[in-house]
Amino acid sequence: MKITVLGCGALGQIWLAALNAQGHEVQGWLRVPQPYCSINVIDLNGTAINKTCIANDPKFLAESDLLLVTLKAWQVSEAVKNLQFILRDNCPILLLHNGMGTLDELKALPQPLLRGITTHAAKRDGTVIIHVAAGITHIGPTSPDAAALSEWAEILQQALPDVAWHNNVASAAWQKLAVNCVINPLTVQYDCPNGELLNHLPEVTALCNEVAQVMEREGQHTSREGLLDYVLDVIATTSANTSSMLQDIRAERRTEIDYITGYVIRRARAQGLATPENSRLYELIKRKEQDYERERI
Ligand code: KPL
């Protein structure tokens with residue numbers, strides 16, 4: 001298959017390396033156009049993979065069988081809209097990012113859209129990407145025209161297991177959103193690895209209760225207890241991780257807060273629900289972002 005990976009950060013490079021090793025033709029697509037893109041990955045076995053693949057080739061993009069988008073949520077819609085006229089109308093686009101809200105921004109696309117949620121963990125160490133932990137990638141259709149694309153789960157499974165197809169991918173997306181609403185901003189507040197949140201159970205519980213309420217109103221089958229158990233389980237299994245939001249704040253980058261906590265607050269408002277604990281953390285993260293943005297001016 002011919003696959004273009006839009007976004008060549010940690011997750012993008014892991015997919016480029018895995019798809020290339022499986023014999024697929026791959027190219028990277030970078031915001032600042034370059035003819036080549038480097039893949040410098042240490043895989044789960046500790047093996048270093050150093051490769052160069054082509055990048056930003058419009059002909060390759062036009063012939064691609066899949067556009068895999070591994071950008072941060074806030075970068076997705078503008079970047080995808082810029083490429084939609086080069087892609088074939090039937091080329092599937094798979095969005096793989098934290099948070100929700102990008103589908104609303106991409107409603108008018110002619111291409112079939114797939115949504116993905118992944119629990120693979122990767123981090124950048126200088127110029128090298130370390131694949132820290134294996135995970136599962138859940139993918140599924142976001143519209144009827146994407147429902148027949150389940151073969152992609154099998155193709156991607158061969159490259160970077162595990163990959164699971166879900167006809168109702170929204171359920172997996174909401175579960176991951178709940179995890180990110182709790183872990184990401186709280187780890188910023190306490191400047192701590194995920195596992196330390198077990199010392200802050202009242203806040204974890206309050207956040208889960210708020211998100212569970214919103215999920216129920218959005219038609220998602222959930223319970224406060226069930227969601228809390230799930231989030232506590234993720235905190236325990238990722239205890240040594242530095243959350244992606246804490247990594248962004250430490251590196252003074254824009255975070256995904258508008259697509260994580262911000263999305264839940266927007267849905268809550270539309271449903272007439274109050275989310276005081278989520279709103280408090282949203283303000284905290286926005287203040288931190290604004291502080292370093294102001295310093296740059
Ligand atoms: O998805 C994550 C993130 O850091 O963005 C979690 C699950 C919280 C793992 O760190």
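The values are calculated or read from the model by the stated rules, or taken from the named source; none is laboratory data. Treat the numbers as computed from the prediction; the structure is a model and nothing was measured. Note that each Cβ is placed from the backbone with ideal geometry, even for glycine, and that neighbours are counted across all protein chains shown. These accessible areas exclude ligands, DNA and RNA; they are computed on the full protein's heavy atoms, side chains included. Shrake-Rupley method; radii C 1.70, N 1.55, O 1.52, S 1.80 Å.
Values as computed for the structure displayed
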quantity	calculated
Angle in degrees between helix 169-190 and the longest Cα principal axis of the chain, rounded to the nearest 10	60
Accessible solvent surface per residue of the stretch 148-226, calculated while the other protein chains remain in place, 1.4 angstrom probe, Å²	42
For the stretch 217-297, average projected area of the Cα convex hull in nm²	6.6
Portion, in percent, of the accessible area of the stretch 195-297 that falls on carbon or sulfur, probe 1.4 Å	47
Debye, to nearest 20: dipole size of the chain, +1 on Lys, Arg Cβ, -1 on Asp, Glu Cβ	580
Neighbour-limited loop hits for GluC sites (Glu not before Pro), the stretch 225-263 (at most 13 other Cβ within 10 Å; DSSP other than H, G, I, E, B)	E252
Radius of gyration, Dmax [the stretch 12-61; alpha carbons; angstrom]	11.1, 35
In Å, descending, principal axis extents of the Cα set of the stretch 1-94	39, 28, 23
Full-extension gain in nm, L198 to E225, via 0.36 nm per residue minus C-alpha separation	8.1 nm
At 1.306 mPa s and 10 °C, Stokes D of the stretch 48-154 from Kirkwood alpha-carbon radius, µm² per second	105
Interchain or long-range residues, amide H under 5 Å from I129's placed H	N40, V41, I42
J(HN,Hα) series, the stretch 74-83, from Karplus relation 6.51 cos²θ - 1.76 cosθ + 1.60, nearest Hz, glycine and proline x	6, 8, 5, 5, 4, 5, 5, 4, 5, 9
Average accessible area per residue (Å²) across the stretch 7-47 - probe 1.4 Å, nucleic acids and ligands excluded	47
Amide H within-cut-off set for N241, under 5 Å, with H built and near neighbours excluded	N194, G195
Principal-axis tilt of helix 276-296 within the chain, Cα atoms, nearest 10 degrees	60
Solvent exposure of the stretch 48-119 as accessible area per residue, Å², 1.4 Å probe	41
Stokes-Einstein translational diffusion, the chain - Kirkwood Rh over all Cα pairs, 1.567 mPa s, 4 °C, in µm²/s	66
Lysine-lysine proximity count for the chain, Cα under 16 Å, sequence distance 8 or more or distinct chains	5
